[in-house]
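The values are calculated or read from the model by the stated rules, or taken from the named source; none is laboratory data. If you're wondering where the values come from, they're calculated on a predicted model, not measured in any experiment. FYI the Cβ positions are ideal-geometry reconstructions off the backbone, even for glycines, and counts take in every protein chain you see.
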Amino acid sequence: MTSDRANQTITIEKEGLQALFDALAQRGYRVVGPTLRDQAIVYDDIASVRDLPAGWTDEQGGGRYRVVRREDNALFGYAVGPHSWKRFLFPPIQQLWRAQREAESLKVEPAALPTERFAFIGVRACELHAIAIQDRVFMNAAVNDPHYRARRENAFLVAVNCGTAGGTCFCVSMNTGPKADSGFDLALTELLEGGKSLFVVEAGSDKGREVLSALPQRPAKAEDLKAAEAVVAKTASSMGRVMRSDDLHDLLLRNLDNPRWDDVAARCMTCGNCTMVCPTCFCMSVEDSSDLAGLETSRSRRWDSCFTMDHSYVHGGSVHASAKSRYRQWLTHKLATWIDQFGSSGCVGCGRCITWCPVGIDITEEVAAIRNSEPR
Amino acid sequence: MALVAEKPAAGRDPMVPRVARVHQRQRNLSDTWTLVLEMEDGEPLDFLPGQFNMLTVFGVGEIPISISGDPGKRGGLVHTIRDVGPVSSALAHLEPGAAVGVRGPFGTDWPVKEARGNDVVILAGGLGLAPLRPAIYSVLANRRLYGKVALLYGARSPAEMLFRSELEQWRRLLDIEIQVTVDTASSDWFGSVGVVTTLVPRATFDPEHTVAMVCGPEIMMRFGVAALRARGVGDRSIYLSMERNMKCAVGLCGHCQLGSVFVCRDGPVFPLDKLAPLMAVKEL
Amino acid sequence: MEGLERIVREHPFFSGLKESFSELISGCAKNVRFEAGQYLFHEGETADQFYILRSGRVALQVSAPSRVLTIQTVGENEIVGASWLVSPYRWGFDAKALELTRAISLDAACLRGKCEDDHDLGYEMMKRFMPILIQRLQATRLQILDVYGTRS
């Protein structure tokens, strides 16, 4: 029986979920999860199950996001909002070092590494892939970012298998979901039985198993497991978008002069929203600042976007002067050259760039247009 | 392919600068100065020709500057800086003793080893002579390992020629061909007037056994490449040093991307066969 | 004239030309030399000959009040002078030898006449001239770009 323990799925109820939050808090984690605020479902500190957006769902489309009441009280009955977990693992502003000038000497002090340990509640399958993608960006043979590593190594991930596909979701096309199959400490699937939430819980690591053992639970019944599979299957069959993704690298790189880019450029405002909401975008800039006396100076890094003129600035002007070249840079990096750099696509099919684009530019549509413009 | 130097010593965060002091400052041109820096902790910074450092003026900012000194000599980091913006201006005007933050060295190097046994053509335009100077020193330090060596240099005008006295010194070494030309000149210049690419057809080298190193403004490099190709030098034997917006210099911030390469990490020196498809697309 | 004909025949500019043509051309040719500082021609003068340099260096210059600018220098085996090809046949620049320069000077009127009489000769001359003019145009355009200048 003990060897089966590791693979045994269990179920917990709402109280069990609260016990999970408490167990994580007790173990020193800062618990962060979805909550309703300013008419969107965002990620923030949560302490209780009551902080979750129970009974809410989202309606998403090109340039459109609305939260709408559900007919039931599902705790996780929505897709993803404007936030992604990168805002915790790779904060928008991060100090790198401080320099103190005293008489003749100048001392440079690296910024202290974070000691915070995050517990993420409600990580979707696409987001698990996004985190794994950023892991490869920040921690690889050439780069070993200490700030990202410190946060990432200590993070506890509680995944949730999506019960509702978002209006702009296409994780199935990108092979990133909707089922969370690895990279989590715990994975939950929410089942609704007569108005009550029941969660099928799978442990994905020793850390996860340890926390799980502290929760009130019972072994999953065969019908619960079947119901959980049905949830995932239903989500998989109701994706908002579809994008053929097996040929994107060569397709895009041989179409760098395709007139479609001019077409997109006429619509794109280069506002950069897509890069802010994208869970894998990592471009950053550095900024130096100093106090008025010039005695203390410091450098910080902050999120940047390839849509700014600054991004490609070299002495005399920007290499990507036109909106066309900046949009092309973003999309070809995300879907094509990212593969050369990091071994996988940079896109996880979460649909955020489509939802949060003010003019509703849809990358699945753009890619299809480029593909269809080629002679058969 | 060019070698990549060892990463900064283990344990040293490449995003945090080391403090160096300006040891010497020399004016080259009306807007260009050369600084010699010394690391405050005394630990030398070994580099390969073609590599660059990120230099910080505390409170102003940080920019990439190629190392322009002799990699074979200990004794100070040499950087040649043109005053074109707030940080470069601040750097160029630092007095001896002033503090400078140094991160590096970063990037790929000139194919000085690969060129052994071949003729060498160094094609430089304007400030492009500075990142090539370490390669010239390295080649001259092992002169017998190379065939013919030609340095072809173009500047805007005679008054804007970099390292002029050094060029004259090198010319006196009988085994190196030095041709210079300017874009415009007044009547007291008796040398060549015309673009640097016009020096390529007449230079002495065997195109099939030549390694060419090119550095200068991108337009000049493109036309220089055309002239070298017209002579029959293969794309695998032509190396360029590319410039892009560099902020982190470690391949993380994403600014310096050119197609799928990070110029700070996979470059700045690239063989042309790798670069040619990327250079063919406008605004890539 | 036999020595001159050999010089013409052996010069890279005329390589591949059939013997009867190089004879015709030699009839318009003269061996000339310029000391350093000597002018080949001045701006505004009639373009009645052009020069194929055998050695030395010539500067194409333009004068403005209180200064003289060198636009381009021309060296060994290169051509000085294109204005003789087109009416009104007047030089646009000064041409000054910067060092001792030896050249073949070709009488423009003589050559133009012979090309009119024999269009095949005319075409052979054009075939040799065009690439030089195009290369020079490209190089000049590159020069104008002032690639080393500070962009503001």
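Annotations
- Residue list for region A:299-334, restricted to those being modelled with pLDDT under 95 and assigned to a strand (DSSP E or B): A:Tyr313, A:Val314, A:Gly317, A:Ser318
Residues are listed down the side, and each one gets a yes or a no for (1) of a type outside the set (Gly, Ala, Ser); (2) closer than 27 Å to B:Val261 by Cα; (3) not in a strand (DSSP E or B):
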| position | (1), (2), (3) |
| --- | --- |
| B:Ile63 | yes, yes, no |
| B:Arg74 | yes, no, yes |
| B:Pro96 | yes, no, yes |
| B:Ala130 | no, yes, yes |
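- The single condition among (1) under 30 Å from B:Thr184 (Cβ atoms); (2) in contact with a helix residue (DSSP H, G or I) (Cβ under 8 Å, 6 or more places away or on another chain); (3) in contact (Cβ under 8 Å) with a residue 60 or more places away in the chain that C:Leu24 does not meet is (1).
Yes/no matrix, rows are residues, columns are (1) out of contact with any strand residue (DSSP E or B) (no Cβ under 7 Å at 6 or more places or on another chain); (2) among the aliphatic types (A, V, I, L, M):
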position: C:Glu5; (1), (2): yes, no
position: C:Val8; (1), (2): no, yes
position: C:Cys28; (1), (2): no, no
position: C:Tyr51; (1), (2): no, no
position: C:Ser87; (1), (2): yes, no
position: C:Leu98; (1), (2): no, yes
position: C:Ile104; (1), (2): no, yes
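- Helices (runs of 4 or more DSSP H) wholly inside region A:1-116 containing at least 3 residues that are at pLDDT 95 or above: A:14-26, A:86-89
- Residue within region B:25-42 that is at negative phi, among the aromatic types (Phe, Trp, Tyr) and more than 14 Å from chain A (Cβ to nearest Cβ) present: yes
- Residue list for region B:237-257, filter: hydrophobic (A, V, I, L, M, F, W, C), within 7 Å of chain A (Cβ to nearest Cβ) and surrounded by fewer than 24 Cβ atoms within 10 Å (Cβ to Cβ): B:Val250, B:Cys253
- The set of residues from region C:65-123 being polar (S, T, N, Q) and either surrounded by 21 or more Cβ atoms within 10 Å (Cβ to Cβ) or without any contact (Cβ under 8 Å) to a residue 40 or more places away in the chain (or both) comprises C:Ser66, C:Thr70, C:Gln72, C:Thr73, C:Ser83, C:Ser87, C:Thr101.
- Of all residues in region A:213-223, at least one satisfies being polar (S, T, N, Q), assigned to a loop (DSSP other than H, G, I, E, B) and under 18 Å from A:Val49 (Cα atoms).
- When region A:73-93 is filtered for residues that are of a type in the set (S, T, N, Q) and crowded, with 18+ Cβ neighbours inside 10 Å, only A:Ser84 remains.
- Number of the condition not met by B:Leu162 [criteria: (1) under 18 Å from B:Leu132 (Cα atoms); (2) outside any loop (DSSP other than H, G, I, E, B); (3) within 14 Å of chain C (Cβ to nearest Cβ); (4) not acidic (Asp, Glu)]: (2)
- Scanning region C:59-77 for residues that are modelled with pLDDT of 90 or more and out of contact with any Gly (no Cβ under 8 Å at 6 or more places or on another chain) gives C:Ala59, C:Leu60, C:Gln61, C:Thr70, C:Val74.
- Of the criteria (1) over 19 Å from the mean Cα position of the chain (by Cα); (2) within 13 Å of chain C (Cβ to nearest Cβ); (3) under 23 Å from C:Gly56 (Cβ atoms), which one B:Val180 fails: (1)
- Candidate set from region C:5-44 (those that are in a strand (DSSP E or B) and of a type outside the set (Phe, Trp, Tyr)); member that is nearest to C:Lys96 (Cα to Cα): C:Leu40
- Output for region C:140-152, where each listed residue is crowded, with 17+ Cβ neighbours inside 10 Å and either in a loop (DSSP other than H, G, I, E, B) or free of Cβ contacts under 8 Å to residues at least 60 places away in the same chain (or both): C:Leu142, C:Val147, C:Tyr148
- Test result for A:Ala369, out of contact with any His (no Cβ under 6 Å at 6 or more places or on another chain), among the small types (Gly, Ala, Ser) and within 14 Å of chain C (Cβ to nearest Cβ): no
- Hits in region A:180-211 (condition: assigned to a helix (DSSP H, G or I), surrounded by 20 or more Cβ atoms within 10 Å (Cβ to Cβ) and not small (Gly, Ala, Ser)): A:Val211
- Residue among B:Asp119, B:Asp109 that alone is closer than 26 Å to B:Gly42 by Cβ, more than 14 Å from chain C (Cβ to nearest Cβ) and touching a residue at least 24 places away in the same chain (Cβ under 8 Å): B:Asp109
- Filtering B:Arg202, B:Arg172 for residues that are surrounded by fewer than 23 Cβ atoms within 10 Å (Cβ to Cβ), within 19 Å of C:Leu60 (Cβ to Cβ) and at pLDDT below 95 leaves a single hit, B:Arg202.
- Once region C:45-70 is narrowed to residues that are in a loop (DSSP other than H, G, I, E, B) and within 16 Å of the chain's Cα centre (by Cα), the residue that is nearest to the other protein chains (Cβ to nearest Cβ) is C:Arg57.
- Residue count for region C:102-135, restricted to those that are touching a helix residue (DSSP H, G or I) at 6+ places or on another chain (Cβ under 9 Å), charged (D, E, K, R) and within 18 Å of C:Pro12 (Cβ to Cβ): 2
- Residue in region C:21-30 that is surrounded by 14 or more Cβ atoms within 10 Å (Cβ to Cβ), at negative phi and within 11 Å of the chain's Cα centre (by Cα) present: no
Okay, residues lined up against (1) buried (at least 19 other Cβ atoms within 10 Å of the Cβ); (2) closer than 30 Å to B:Ser186 by Cβ; (3) of a type outside the set (Lys, Arg); (4) touching a helix residue (DSSP H, G or I) at 6+ places or on another chain (Cβ under 7 Å):
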residue	(1), (2), (3), (4)
C:Gly3	no, no, yes, no
C:Glu10	no, no, yes, no
C:Phe14	yes, no, yes, yes
C:Lys18	no, no, no, no
C:Arg33	no, yes, no, no
C:Gly37	no, yes, yes, no
C:Glu43	no, yes, yes, no
C:Asp48	no, yes, yes, yes
C:Ser55	no, yes, yes, no
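- Unique match (being among the basic types (Lys, Arg) and touching a strand residue (DSSP E or B) at 6+ places or on another chain (Cβ under 8 Å)) among A:Arg301, A:Arg326, A:Arg371: A:Arg301
- Boolean, B:Arg265 is under 21 Å from B:Trp110 (Cα atoms), out of contact with any His (no Cβ under 9 Å at 6 or more places or on another chain), among the charged types (D, E, K, R) and within 14 Å of chain A (Cβ to nearest Cβ): yes
- Failed item in (1) touching a Leu at 6+ places or on another chain (Cβ under 9 Å); (2) closer than 20 Å to B:Gly50 by Cβ, with B:Val193 passing the rest: (2)
- Within region A:265-288, the only residue that satisfies the criterion of being at the interface with chain B (Cβ under 8 Å from one of its Cβ atoms) and over 28 Å from A:Ile131 (Cβ atoms) is A:Asp288.
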